[in-house]
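The values are calculated or read from the model by the stated rules, or taken from the named source; none is laboratory data. Not measured: the values here are computed from a predicted model. With ideal geometry, Cβ positions are generated from the backbone for all residues, glycine too; neighbour counts draw on all protein chains shown.
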Amino acid sequence: MSAPTMAAAATILLVRDAPGLEVLMVERHHQIDFASGALVFPGGKSTAGDSDPRWIDHCDGHDGDPVQCALKICAVREAFEESGVLLARPARARGAGGPLAGASQIVEIGKLRSAIDKGEHPFLDALMTFGLVLALDTLTPFAHWITPEGMPKRFDTWFYIAETPPEQAAACDGREAVDACWIEPEDALKAAREGRRMIIFPTRLNVEKLAESRSTRAAIEAARARPVVTVLPKVIEENGVLILSIPAEAGYSVTREPLEGNRP
């Protein structure tokens, strides 16, 4: 049997102060074959459209790194498809660091969420039609995880963090996500401990890292200040128990946990 293909993927921690730090999380549809029913950050697999060379003219913050730019585009697109939140600016007022589009400015493109999600309408074409450019400059790398070898499905996933446009609201898409909620990191962790929510291993550790900050500004500054260490968990056996092991330099609260009960 051949090894599973590694899929490039991206996810985004959309954060806000309300007044304490909250992050947007979505509940995966129970019929999805990966992490079904889990509470996750919006995200998913990269598509060919995320690497369209035309994006260079329709993004603020396109830094010339085609791989990272495609992943950031993927993260923004997935967040829009799953939650309706769009990190973009009107093209007529573009410029890195400028105000993001408000709710009224994304109403029309919002009508195409389902078609974009299903691949029936290219995301880039929709942005061009409605005079918008992506705000890739708002995304800061937060983490990088690769699914362990031997898993039936493997993903090479970048996590980003960004402040949510203040005027935009979130609503789940009903297809991949069945619930969208703003939640304080500590509350998400408590819900997982008490069995009220399921949070898979990589998500939990990144929620824990987010919980070290008390505001959106502090969380983004902390992410900018630390290096991103790639985490490729190793499955090892100790005293007959399978253990997930991750590098200490990644800076998480644990370096090893039993594989049983965890989805890597």
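Residue pairs whose Cβ atoms lie under 9 Å apart, sitting 6 or more positions apart in sequence or on different chains, and linking a residue in the stretch 40-58 that is buried (at least 17 other Cβ atoms within 10 Å of the Cβ) and of a type in the set (D, E, K, R) to a partner that is at pLDDT 95 or above and part of a strand (DSSP E or B), are Asp50/Ala8; Asp50/Ala10. Give me the pairs, please: first residue somewhere in the stretch 221-238 and surrounded by 14 or more Cβ atoms within 10 Å (Cβ to Cβ), second residue anywhere and part of a helix (DSSP H, G or I), beta-carbon distance under 8 Å, and either six or more positions apart or on two chains. Taking only residues 6 or more apart or on different chains, the pairs are Val229/Glu249; Val229/Ala250; Val231/Pro202; Val231/Ala250; Pro233/Phe201.
Contact annotation: residue pairs with Cβ atoms under 6 Å, 6 or more positions apart or on different chains, pairing a residue in the stretch 92-107 that is farther than 14 Å from Phe130 by Cβ with a partner that is of a type in the set (Asp, Glu) and surrounded by 13 or more Cβ atoms within 10 Å (Cβ to Cβ), are Ala96/Asp60; Ala96/Asp137.
Taken residue by residue, the stretch 150-167 has at least one member that is of a type in the set (D, E, K, R), part of a loop (DSSP other than H, G, I, E, B) and touching a strand residue (DSSP E or B) at 6+ places or on another chain (Cβ under 8 Å).
Checked against the criterion of being assigned to a loop (DSSP other than H, G, I, E, B), surrounded by fewer than 19 Cβ atoms within 10 Å (Cβ to Cβ), of a type in the set (S, T, N, Q) and modelled with pLDDT of 95 or more, the stretch 125-140 contains not a single residue that satisfies it.
Criterion applied to Arg54, Arg77 was being within 30 Å of Glu212 (Cα to Cα), part of a helix (DSSP H, G or I) and among the basic types (Lys, Arg), and the one residue passing it is Arg77. Taking the criterion of being assigned to a loop (DSSP other than H, G, I, E, B) and over 12 Å from Ala135 (Cβ atoms), the residues of the stretch 58-74 that qualify are Asp63, Gly64, Asp65.
If you go through the stretch 188-210 and keep only what is surrounded by fewer than 18 Cβ atoms within 10 Å (Cβ to Cβ), closer than 19 Å to Leu244 by Cα and over 18 Å from the mean Cα position of the chain (by Cα), you end up with just Arg193.
For the stretch 11-24, indicate whether the set of residues that are within 16 Å of Glu78 (Cβ to Cβ), modelled with pLDDT of 95 or more, in a strand (DSSP E or B) and hydroxyl-bearing (Ser, Thr, Tyr) is non-empty. Yes.
Looking only at residues of the stretch 102-117 that are in a loop (DSSP other than H, G, I, E, B) and out of contact with any helix residue (DSSP H, G or I) (no Cβ under 9 Å at 6 or more places or on another chain), we find that the one that is nearest to Ile161 (Cα to Cα) is Gly102. State all residues of the stretch 243-257 that are touching a strand residue (DSSP E or B) at 6+ places or on another chain (Cβ under 6 Å) and either more than 18 Å from Thr157 (Cα to Cα) or without any contact (Cβ under 8 Å) to a residue 12 or more places away in the chain (or both); if no residue qualifies, say none. Correct list: Ile243, Arg256, Glu257. For the condition of a type in the set (Lys, Arg), assigned to a helix (DSSP H, G or I) and either out of contact with any Pro (no Cβ under 6 Å at 6 or more places or on another chain) or at pLDDT below 95 (or both), Arg92 qualifies.
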